[in-house]
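*Asks:* After the structure tokens below, expect a handful of questions from me.
The values are calculated or read from the model by the stated rules, or taken from the named source; none is laboratory data. Given the structure is predicted, the values throughout are model-derived calculations rather than measurements. Because the Cβ atoms are built from the backbone with ideal geometry, glycine has one as well, and the counts that use them run over all protein chains shown. Ligands, DNA and RNA are excluded from the accessible area calculation, which covers all protein heavy atoms including side chains. Shrake-Rupley method; radii C 1.70, N 1.55, O 1.52, S 1.80 Å.
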Number of protein chains: 2
Amino acid sequence: MPMQYRPILSIDMVTSCSGSRENRTVRESFRASAPGKLMLLGEHAVLHGNRCIVCAVNQRLHIIVHPRHDAKINIESELGHYQADLQNPLVDTTFRFVLTAIDQHKELLSQGFDLKIESDFSATVGLGSSAAVTAAMTAAIFYMADQNLEAIKIYDHSLTTVRTVQGSGSGADLAASVFGGILLYRAFPNEIIPLKNIHPITVVYSGSKTPTTDVIQMVEKLRNRFPQQFSFIYSAMDVSAEQAAQAVKETDWPTFGQLLNLNQGLMDAIGVSTKKLSDIAYVLRHDSGILGAKISGSGLGDCVIGLGKHENPIGYPLLPLEMSKQGVTID
Amino acid sequence: MPMQYRPILSIDMVTSCSGSRENRTVRESFRASAPGKLMLLGEHAVLHGNRCIVCAVNQRLHIIVHPRHDAKINIESELGHYQADLQNPLVDTTFRFVLTAIDQHKELLSQGFDLKIESDFSATVGLGSSAAVTAAMTAAIFYMADQNLEAIKIYDHSLTTVRTVQGSGSGADLAASVFGGILLYRAFPNEIIPLKNIHPITVVYSGSKTPTTDVIQMVEKLRNRFPQQFSFIYSAMDVSAEQAAQAVKETDWPTFGQLLNLNQGLMDAIGVSTKKLSDIAYVLRHDSGILGAKISGSGLGDCVIGLGKHENPIGYPLLPLEMSKQGVTID
């Protein structure tokens, strides 16, 4: 597969953050928004230098920005309210991603603003709200500061913010929130290959979720017991991500589906499947409209994704999610 | 792990085929019997030069031998009757393993015999009746011909017979039928490491079975699509077999159980699990008496083995199978 490495992206992706304007001080309100993501392949493996496949979805996180004449910042969301001064945005726990982004770019900003954060994410699934709000906030800051809106720059700065807040993170969710669509992603060495095509999906919620950090801890414990097996399994996931990217390029969705099935087994092997998740995956695969099915995300709950639209009742609650080509936008 | 290679076995295993007698022409009736087997780890991978774990079980195939004064051979079993001459045992389809064994060793035999073949194998599961009957027949021939009864010799000659009949075969089932107990096994280069310990098991029948040759064909098709992934997966199975052997030596059964769980995922990845097999494996694992669970055999049906005795109702039919240390015997 011919590989596009990252330096190329900063040229290719200049316009991938929608929104253009004349060079002037921003006085009007605007909206920055970024999509949530679903992991398709290689979760867990991506934490160890392997490639994964992630996609943006049609549920987005929005930040409506009202520029102010003073240096005050007001944040309003379903989670609460927050007031601060631009030059001293003490990082409140509730809005730590937004406030850290502001803090890290405050020298670019000459005016305060009121922010209204709205999310159309399903509350139940891990669509990556931290990544989405960071991407949207970073894009909003660059827009207000009259910076160019290259996607790769938004991604880089957002990643710095996310890692400042949580200390680590693969950045895969951030890549999806910034670039949109399906991406082949590797954290280190960093590689982001946006792919042009998307496909309908069926997303089933398993009814519960184990916190990602708990799942990662459990997986690491098992990996320490069986390091050789995990090395082989993660390598199989890495190769699968590469082949899946090629399949997306060629719109060879049956191959993508087979790779989902194969990797569902690998997820089971690393201990993140359950009786229910496995059952959902098999129910989906038995549906004639589904090309393959696999846990999406860290596992031990959350959701199972089927490639294609189900044609028969699945018997589990479905989430109204689809892939989306739209990354972070200003409008 | 210190490895015992095969040449050592022919010394270690001299007495592993029970039965001794004075050097004389056999006139009395005797019984040769050999156990069936269950695959524990590495099925499919063993066909590609990787190690597997196989164990003998407490259901056996018996051949009762009545030496004759003439050169006739009579075979009687539930499958039918057969009559032939020792020097010209035309290979009938029903008794092809027995007759091929006789044909390949007819120069050792000076007298005919009546054979009564009895099996206490469950008819539903693939315990390896071909391997067991070949091992028992070969031991019976060597006994009648006053040959020594080294296990490794019985194994070697039986393997020749099995491969003459069916053209291929890993020989893992034959190793279990000859040596008994749990074995670390590799077909090529050939390596057989009998292990001293066994453990109670719970064996659940899934209610159906897909012919092994069909499953192998399906797996090979998928392997041709995804050769790199299969190479990694088979390597993970190989390492698992090695670690499981070490766990058996150290009676570290919890580790053996974890390896079963991990390898159940790998079996799922290569496409030989089903909704039901996966469900059975999870039901078994949730039982407090079970240390781990995995498909046993080629998959797409047949049975799931749990390490340990279940303490609660499983909700699926159980098979009355246990591991057994007893290999091929003459009595």
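*Asks:* Sort out which residues of region B:115-126 are out of contact with any helix residue (DSSP H, G or I) (no Cβ under 8 Å at 6 or more places or on another chain) and open to solvent by less than 30 Å² (accessible area, probe 1.4 Å), and write them in order of number.
*Replies:* B:S122, B:V125
*Asks:* Determine if region B:122-133 includes at least one residue that is under 15 Å from the mean Cα position of the chain (by Cα), assigned by TED's automatic domain parsing to the domain that holds B:H44, at pLDDT 95 or above and not aliphatic (A, V, I, L, M).
*Replies:* No: region B:122-133 contains no residue that is under 15 Å from the mean Cα position of the chain (by Cα), assigned by TED's automatic domain parsing to the domain that holds B:H44, at pLDDT 95 or above and not aliphatic (A, V, I, L, M).
*Asks:* If I go through region A:171-193 residue by residue, how many of them are crowded, with 24+ Cβ neighbours inside 10 Å and either among the small types (G, A, S) or not assigned by TED's automatic domain parsing to the domain that holds A:M39 (or both)?
*Replies:* Final tally of qualifying residues: 6.
*Asks:* Any idea which of (1) modelled with pLDDT of 95 or more; (2) more than 11 Å from every other protein chain (Cβ to nearest Cβ) is the one B:G207 doesn't satisfy?
*Replies:* Among (1) modelled with pLDDT of 95 or more; (2) more than 11 Å from every other protein chain (Cβ to nearest Cβ), B:G207 violates only (1).
*Asks:* Quick check, is A:T134 polar (S, T, N, Q) and not in a loop (DSSP other than H, G, I, E, B)?
*Replies:* So A:T134 fits the description; yes.
*Asks:* Considering only region B:265-282, state which residues are within 7 Å of chain A (Cβ to nearest Cβ) and either modelled with pLDDT under 95 or more than 24 Å from B:E220 (Cβ to Cβ) (or both).
*Replies:* B:D279, B:Y282
*Asks:* In region A:88-114, what residues are open to solvent by 30 Å² or more (accessible area, probe 1.4 Å) and not hydroxyl-bearing (S, T, Y)?
*Replies:* If the condition is that a residue be open to solvent by 30 Å² or more (accessible area, probe 1.4 Å) and not hydroxyl-bearing (S, T, Y), then A:N88, A:L90, A:V91, A:D92, A:R96, A:D103, A:Q104, A:K106, A:E107, A:L108, A:D114 are the ones that fit.
*Asks:* Taking A:A101 as meeting all but one of (1) at pLDDT 95 or above; (2) part of a strand (DSSP E or B), write down the number of the exception.
*Replies:* (2)
*Asks:* Please find, within region A:293-308, the residue that is farthest from the other protein chains (Cβ to nearest Cβ) out of those that are part of a loop (DSSP other than H, G, I, E, B) and not small (G, A, S).
*Replies:* Among them, the one singled out is A:D302.
*Asks:* Now, a different point. Identify all residues within region B:194-213 that are open to solvent by 10 Å² or more (accessible area, probe 1.4 Å) and aliphatic (A, V, I, L, M); write none if there are none.
*Replies:* Of everything in region B:194-213, those that are open to solvent by 10 Å² or more (accessible area, probe 1.4 Å) and aliphatic (A, V, I, L, M) turn out to be B:L195, B:I198.
*Asks:* Right, next: Check A:K276, A:K249 and return the single one that is outside the structural domain of A:L38 (by TED's automatic domain parsing), among the basic types (K, R) and in contact with a Ser or Thr (Cβ under 7 Å, 6 or more places away or on another chain).
*Replies:* A:K276
*Asks:* Filtering region B:231-257 down to residues that are in contact with a Lys or Arg (Cβ under 7 Å, 6 or more places away or on another chain) and facing chain A (nearest Cβ under 10 Å), which residue is farthest from A:A269 (Cα to Cα)?
*Replies:* Among those residues, the one meeting the criterion is B:E242.
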